[in-house]
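A.B. asks: Have a look at this one.
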Amino acid sequence: MDSIAIEKACRFCPRCGHQAEVDGCVPFRCSNCGFANFYGPVAAVGGLVINEQRELLLVRRAREPGKGKWGLPGGFVDRDETIEQALSREVLEETNLRVSHARYLTSFPNLYEYGGVVAPVIDLFYVCQVADQGEIRLADGELDSFSWLTPTQRHLQEMAFTSNRQAIEKWLREEMRP
């Protein structure tokens, strides 16, 4: 199955059901009722979880997109949830670690393909400390392994998402500053 951009997948007005006169326009503008949909990016968070040795926690994805590649603990922001709440929830759900402190690092645009549909995402990244690095328990079915490490070029080339790689590269540059 070929992937398709979300604006091309949505061909009918969600308000009145009128078929789009032009497929794939951003914004979608209904000529019947005037409704506009901008297909703006959804928000996602990623945690650069750092241990006392200044090593980064990488997790290996157990499902698509990016199955078998490295990633950062994180995920989509739910409705009625702040970015910080989503960060804490996602890190806890995926690793069983509780974020005790988080510092905003950067953001990058991303494209997320799921079920053949590609949606725009804005990924917000935070450098995180956790309350207890005790026993990590990975989310069953989502992640299959983890490693505390200083990322090498090989790790960066094996990242599931370009935005994760970019955030790690920015963090590494900051770490190298005198």
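A.B. asks: Among the residues of region 60-97, which ones are of a type in the set (S, T, N, Q) and open to solvent by 20 Å² or more (accessible area, probe 1.4 Å)?
C.D. replies: Result: Thr82, Gln85, Ser88, Asn96.
A.B. asks: Here is a further query. Quick one: how many residues across region 54-76 are on the phi > 0 side of the Ramachandran plot and of a type in the set (Lys, Arg)?
C.D. replies: Residues meeting the conditions: 1.
A.B. asks: Can you name every residue in region 61-78 that is part of a strand (DSSP E or B) and closer than 15 Å to Val49 by Cβ?
C.D. replies: Matches in region 61-78: Trp70, Gly71, Gly74, Gly75.
A.B. asks: Collect the residues in region 116-161 that are of a type in the set (A, V, I, L, M, F, W, C) and open to solvent by 50 Å² or more (accessible area, probe 1.4 Å), keeping them in residue-number order.
C.D. replies: Those that are of a type in the set (A, V, I, L, M, F, W, C) and open to solvent by 50 Å² or more (accessible area, probe 1.4 Å): Ile122, Ala131, Phe146, Trp148.
A.B. asks: Ok, one more. If a residue must be charged (D, E, K, R) and either assigned to a strand (DSSP E or B) or open to solvent by less than 50 Å² (accessible area, probe 1.4 Å) (or both), how many such residues does region 20-59 contain?
C.D. replies: Within region 20-59, residues that are charged (D, E, K, R) and either assigned to a strand (DSSP E or B) or open to solvent by less than 50 Å² (accessible area, probe 1.4 Å) (or both) number 1.
A.B. asks: Answer yes or no as to whether Glu174 is farther than 27 Å from Phe38 by Cα and open to solvent by less than 60 Å² (accessible area, probe 1.4 Å).
C.D. replies: Judged against the criteria, Glu174 is a match.
A.B. asks: To continue, here is another question. Can you tell me which residues in region 1-19 are small (Gly, Ala, Ser) and either part of a helix (DSSP H, G or I) or farther than 19 Å from Gly116 by Cβ (or both)?
C.D. replies: Of everything in region 1-19, those that are small (Gly, Ala, Ser) and either part of a helix (DSSP H, G or I) or farther than 19 Å from Gly116 by Cβ (or both) turn out to be Ala9, Gly17.
A.B. asks: With respect to Arg165, is the statement that it is farther than 23 Å from Gly40 by Cβ and without any contact (Cβ under 8 Å) to a residue 12 or more places away in the chain true?
C.D. replies: Yes, satisfied.
A.B. asks: Look at region 98-115 and say how many of its residues are exposed (fewer than 15 other Cβ atoms within 10 Å of the Cβ) and more than 28 Å from Ala5 (Cα to Cα).
C.D. replies: Result for region 98-115: 5.
A.B. asks: Could you list, ordered by first residue, the pairs with Cβ atoms under 7 Å in which the first is in region 49-76 and more than 18 Å from Trp148 (Cβ to Cβ) and the second is in a loop (DSSP other than H, G, I, E, B), at least 6 apart or interchain?
C.D. replies: The qualifying pairs are Ala62/Gly141; Ala62/Glu142; Arg63/Gly141; Arg63/Glu142; Pro65/Ala160; Gly66/Ala160; Gly66/Phe161.
The values are calculated or read from the model by the stated rules, or taken from the named source; none is laboratory data. Here the structure is a predicted model, which means the values were calculated and not measured. Note: ideal-geometry Cβ built from the backbone for every residue, glycine included; neighbour counts use all protein chains shown. Side chains included, ligands, DNA and RNA excluded: accessible areas come from the protein's heavy atoms. Shrake-Rupley method; radii C 1.70, N 1.55, O 1.52, S 1.80 Å.
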